[in-house]
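Chemist: The structure that follows is given in the form of structure tokens.
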Ligand SMILES: [Zn+2]
Ligand SMILES: [Zn+2]
């Protein structure tokens, strides 16, 4: 079974997360983040019902959907595919392709349970296609509960002295922050429009987030605001300070060590850290690991050396080596 990348990840003839220029007619979409939903020519998306709701609400796209619930099987050419929780965001899926070999593709995933979602469980397979975003030993995340307490304490303390802006990706992280503010403080957060819309999608699918207020010229309604990081910059913080006449404190929830003007960084990631990548791999018991995204070369070499399992980075098409065939 050939596994390669050519405007999508192809496992045999199954395209996963096809790019805009991919000519496939139908593709599996692992989850609703924009870098995984760039499929102009694809007319049928195979994804979880939750991802379908996210795509309809965020991208206003109207392809046809073949919703596939977690654990159900679907024939695709001469293979069978099924989807399993990847713990990354609402509806995000690992893909199991069963053909001549059993191939598990983690896609973006995390194994820790969060306050709003269960972590991913390893899938037993012959070949594991492993996301390697944080595939170096320097990436080690603390327990989520500890980070929640840090965020809660920061919000409680700083909201008494001024106004708190919390930044987190509008899909996934911002819902977790909404819940954390509700559970760890007595405050009700204001949330940016895009966060509000995604909060509604989570609630529609049964995830309770607590109370929150849509931001709409009502900055005085709370002392904490949840925003997408792309909108939190020096200008915004200055405008807030000027219009509220309060000191502004900012925090960013991210797995990256990235400060850029924020008062605090909270190490909260929706991806597995290095040790979790190795633990997942051990439990999946593959004969071959193919790494993709981020530190793919480093992680492949660690897996070979530390676990004694054959591993290599994903090949681009055109690289006709024997190792391309798995
Ligand atoms: Zn993602
Ligand atoms: Zn991604």
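The values are calculated or read from the model by the stated rules, or taken from the named source; none is laboratory data. The structure presented is a predicted model; accordingly, all values stated were derived computationally and were not measured. Methodologically, a virtual Cβ is constructed for each residue, glycine included, from the backbone with ideal geometry; neighbour enumeration extends over all protein chains shown.
Chemist: Looking at (1) at pLDDT 95 or above; (2) more than 16 Å from residue 154 (Cβ to Cβ), find the lone condition where residue 233 falls short.
Modeler: Against the list (1) at pLDDT 95 or above; (2) more than 16 Å from residue 154 (Cβ to Cβ), residue 233 comes up short only on (1).
Chemist: Out of segment 237-262, which residues are loosely packed, with under 15 Cβ neighbours inside 10 Å, within 28 Å of the chain's Cα centre (by Cα) and in contact (Cβ under 8 Å) with a residue 24 or more places away in the chain?
Modeler: Within segment 237-262, just 261 meets the criteria.
Chemist: Looking at 112, 94, which one is within 16 Å of ligand 2 (Cβ to nearest atom) and surrounded by 18 or more Cβ atoms within 10 Å (Cβ to Cβ)?
Modeler: Checking each option against the conditions leaves just 94.
Chemist: Scan segment 88-119 for residues that are within 16 Å of ligand 1 (Cβ to nearest atom) and either outside the structural domain of residue 286 (by TED's automatic domain parsing) or not in a loop (DSSP other than H, G, I, E, B) (or both) and jot them down.
Modeler: If the condition is that a residue be within 16 Å of ligand 1 (Cβ to nearest atom) and either outside the structural domain of residue 286 (by TED's automatic domain parsing) or not in a loop (DSSP other than H, G, I, E, B) (or both), then 93, 94, 95, 105 are the ones that fit.
Chemist: May I ask you to list the residues in segment 105-122 that are at negative phi, touching a residue at least 60 places away in the same chain (Cβ under 8 Å) and out of contact with any helix residue (DSSP H, G or I) (no Cβ under 6 Å at 6 or more places or on another chain)?
Modeler: The answer is 105, 106, 108, 109, 110, 117, 120.
Chemist: Continuing with the same structure: Report whether or not residue 38 is within 16 Å of ligand 1 (Cβ to nearest atom), out of contact with any strand residue (DSSP E or B) (no Cβ under 9 Å at 6 or more places or on another chain) and without any contact (Cβ under 8 Å) to a residue 60 or more places away in the chain.
Modeler: yes
Chemist: Among the residues of segment 172-221, how many are crowded, with 24+ Cβ neighbours inside 10 Å and free of Cβ contacts under 8 Å to residues at least 24 places away in the same chain?
Modeler: Residues that pass the stated criteria total 0.
Chemist: Are any of the residues in segment 292-312 part of a loop (DSSP other than H, G, I, E, B) and without any contact (Cβ under 8 Å) to a residue 12 or more places away in the chain? I'd like the intermediate steps shown before the answer.
Modeler: To start, the set of residues in segment 292-312 that are part of a loop (DSSP other than H, G, I, E, B) comprises 295, 308-309.
Retained after the next criterion (residues that are without any contact (Cβ under 8 Å) to a residue 12 or more places away in the chain): 308.
There is at least one residue in segment 292-312 that is part of a loop (DSSP other than H, G, I, E, B) and without any contact (Cβ under 8 Å) to a residue 12 or more places away in the chain.
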